[in-house]
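Each remark here refers to the structure printed beneath this line.
The values are calculated or read from the model by the stated rules, or taken from the named source; none is laboratory data. Note that this is a predicted model, so its numbers are computed, not measured. Don't worry about glycine lacking a Cβ; one is built from the backbone with ideal geometry, like all the others, and counts go over all protein chains shown. Remember, those area values only see protein heavy atoms, side chains included, never the ligands or the DNA or RNA. Shrake-Rupley method; radii C 1.70, N 1.55, O 1.52, S 1.80 Å.
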Amino acid sequence: MDVLTIVTQRVSNFVLSLQPWDVLDILVIAYLVYRLLLLVRRTNSSRLIKGVLVVIIALWLSSGRLRALNFLLSHIVEWGVVALIILFQPEIRRVLEQVGSSQLPFLQLFSKPQVDRQTIEQAISQTVSACGDMSKSRTGALIVFERHIQLDEVLRSGTKLDAEVSSELLKNIFFVKAPMHDGAVIIREGRVLGAGCMLPLSRNVNLSRDLGMRHRAGIGMSENSDAVVVLVSEETGSISVAVGGMLKRHLMTETLEQLLRNELLPQPEEDDEKNGKKRKGWKALLAKEKKDGGKEDE
């Protein structure tokens with residue numbers, strides 16, 4: 001009981017001695033550690049982190065009498081920091097882009113203006129119509145809806161356009177004999193800005209083997225940005241959507257339209273409760289499709 005009393009007293013003294021800035025400091029560190037763990041999980045870098053920990057532990061153990069080993073490991077650690085920055089350059093860049101695109105009050109001053117809601121609704125409607133027709137004809141398609149993170153580098157890899165989104169335009173672009181059917185279409189602010197664009201492939205080694213290069217490119221694009229990627233399989237005609245590295249497969253056109261509306265349409269702040277109900281309805285739709293024979297994969 002004495003030990004428990006001492007521990008309780010020390011904990012209470014520590015809590016009472018905390019200042020507001022100390023609490024903020026702890027929260028920031030906890031958030032950074034959380035983001036680091038998410039980064040390791042998404043990039044499958046656990047083995048690399050284990051190797052770094054082994055080197056650090058060996059450096060600490062050799063700090064006594066093993067001077068030569070300690071000298072060697074200390075220099076490895078110095079250059080290792082630079083090596084880690086180079087290895088994680090895409091992930092670091094993605095994190096900084098996500099921070100820059102965060103909807104914080106002081107960052108909204110630098111964000112681009114809101115797009116007309118009717119324009120986005122029209123783009124969604126035409127995309128859903130085109131995907132429905134291409135699904136029936138088993139025409140492969142890869143459509144990227146840009147959000148906050150701009151995809152200028154991806155646009156430079158294809159043919160630049162500037163046209164309204166229409167069902168006929170999308171079906172003509174992805175027609176099997178069209179010159180740009182193998183690439184991706186980039187849609188920004190409700191307009192087609194590029195076609196035949198090359199997307200980065202996903203580096204997730206846990207993806208299903210039945211996923212082709214088109215689906216891996218769509219997942220890779222969603223991993224490297226906040227874009228919403230719509231895919232139509234050339235082999236099966238199934239419609240899929242990739243968001244945040246997650247792939248939702250075998251969607252009906254009604255579900256596709258609801259998902260795109262939830263992800264792309266700006267939601268008024270006063271309609272948060274209604275928005276929550278819509279998203280619950282979307283989850284119920286997915287559950288219903290899964291029960292009816294569809295499935296949702298990561």
*Mind checking the full-extension length gain between residue 262 and residue 65? Use 0.36 nm per residue of separation minus the Cα-Cα distance, one decimal, nm.*
64.7 nm
*Arrange the peptides 154-167, 2-15 so that the one whose residues have, on average, the most other Cβ atoms within 10 Å appears first.*
154-167, 2-15
*Modelled FRET efficiency - R0 22 Å, residue 177 with residue 235, Cβ distances, 0.05 increments*: 0.75
*State the extension gain, in nm to one decimal, for the chain segment bounded by residue 209 and residue 34, taking 0.36 nm per residue of separation less the distance between their alpha-carbons.*
60.0 nm
*Zone of residue 168's modelled label, taken as backbone nitrogen in the range 219-238 under 20 Å from a point 7 Å along Cα→Cβ*: none
*Give the carbon-plus-sulfur fraction of the accessible surface of the range 156-253 in %, rounded to a whole number; probe 1.4 Å, heavy atoms of protein chains only.*
53
_Full-extension gain between residue 17 and residue 138, please, as 0.36 nm times their residue separation minus the C-alpha to C-alpha distance._
36.9 nm
